[in-house]
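Let me begin by presenting the structure, written as C-alpha cells, before commenting on it.
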Amino acid sequence: MPEEIEFPVIESGFNFECTQCGDCCRGDQQVFLNLLDLYNMALFSGFTSTDRLFKQGTAELAQDVNHSVWRPRIRFKERPLRFCPFLINELSDDGRLKGFCRLHPHHKPLICALAPVGCEYDSRKKQASFLLVPPAARCPGMEKETHNKLHILTERYREALRYQSLYFELLELLKSKHLTEEDYREHLYTFKVNRPFKEIFFGLMRKIRGWVQMEISQQVVISGNK
C-alpha cells in the first residue's frame, strides 16, 4: 500500500507561478469535479443536461480513496498519451511546448483553478483547510518566487468554495446509504442546466436531505415496533 503524502498547511501565503507547461493536465492526474464544475462544464459544452458529459465520455464516476462514495472526474483521453480532453498544446515563439485549458477562466474546475492550493474539508467539523499541493511531480511553477496571498485566492473563489463545502456535506450524508454508482449518477450528478445553479443545487440538497431524513424516520418506526 503506497505511503500517504502529507502536504503542508498554508497559513497565509505561498510561492507559485504557472509556467503553462501542461504537466498537470496529462499523465496520471485525476481531476475530480463537484456539482458546480459539472454545471459549468455542461454549459461550456452546449449541453442541456450534465448527463451528456457522462454519455459522451467527458466525465466518469470513480470511488473515493475510502470506497465510500462515488465522485465525478474528467475522463482523460488515452491516446497517443493520457491527457485532459480540454488541454490545448501550442508552441511558443521560443519553441517550447505550452499547455492551455479550453475551460479557462470561467468554466475551469475548482481543483484546477485553485492549484497549487488543495482544499481539504472536514464535513463533521464543517471546516476547510488549505494545503500546498504541487499540481504535478517536478512542477516548475513551484520553484518560482512569485508570492501569492491565500486570502485573495479564497475570496476570488468564495462562492465556489462554499458550494463545494455543501457538496461534501451531501456526500457525508449519502455514505450511510451504500448507493451504487448508477444511484449516484442518477440522483446526484444528473440535472438540467437551464436554471441558475443556486436553484438547482439547493433543490438537490432538499431532495437528498429529505431522502436521508425519511430513511432515519422509517428506521425509528421499525425499531419502535420491535
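The values are calculated or read from the model by the stated rules, or taken from the named source; none is laboratory data. Computed from a prediction, not measured in an experiment: that's the story for all the values here. As a convention, Cβ positions derive from the backbone with ideal geometry for all residues, glycine included, and neighbour counts pool all protein chains shown.
Remarks
- Restricting LEU97, LEU91 to those that are among the aliphatic types (A, V, I, L, M) and either within 26 Å of MET41 (Cβ to Cβ) or at pLDDT 95 or above (or both) reduces the list to LEU97.
- Subset of the stretch 63-74 [farther than 15 Å from LYS108 by Cα and surrounded by 14 or more Cβ atoms within 10 Å (Cβ to Cβ)]: VAL69, TRP70, ARG71
- Unique residue being more than 30 Å from GLY13 (Cα to Cα), under 14 Å from the mean Cα position of the chain (by Cα) and at pLDDT 95 or above when the list is ARG52, ARG75: ARG75
- The lone exception for ALA128 - which of (1) closer than 20 Å to PRO8 by Cα; (2) under 19 Å from the mean Cα position of the chain (by Cα); (3) crowded, with 17+ Cβ neighbours inside 10 Å it fails: (3)
- Among the residues of the stretch 1-44, the ones that are hydroxyl-bearing (Ser, Thr, Tyr), surrounded by fewer than 19 Cβ atoms within 10 Å (Cβ to Cβ) and over 20 Å from HIS151 (Cβ atoms) come to 1 in all.
- Test: residue in the stretch 125-133 that is closer than 21 Å to LEU38 by Cβ, free of Cβ contacts under 8 Å to residues at least 40 places away in the same chain and not in a loop (DSSP other than H, G, I, E, B): yes
- Scanning the stretch 98-112 for residues that are of a type outside the set (S, T, N, Q), surrounded by 17 or more Cβ atoms within 10 Å (Cβ to Cβ) and in a strand (DSSP E or B) turns up at least one hit.
- Residue check, ARG82 surrounded by fewer than 16 Cβ atoms within 10 Å (Cβ to Cβ), touching a strand residue (DSSP E or B) at 6+ places or on another chain (Cβ under 7 Å) and more than 19 Å from TYR157 (Cα to Cα): yes
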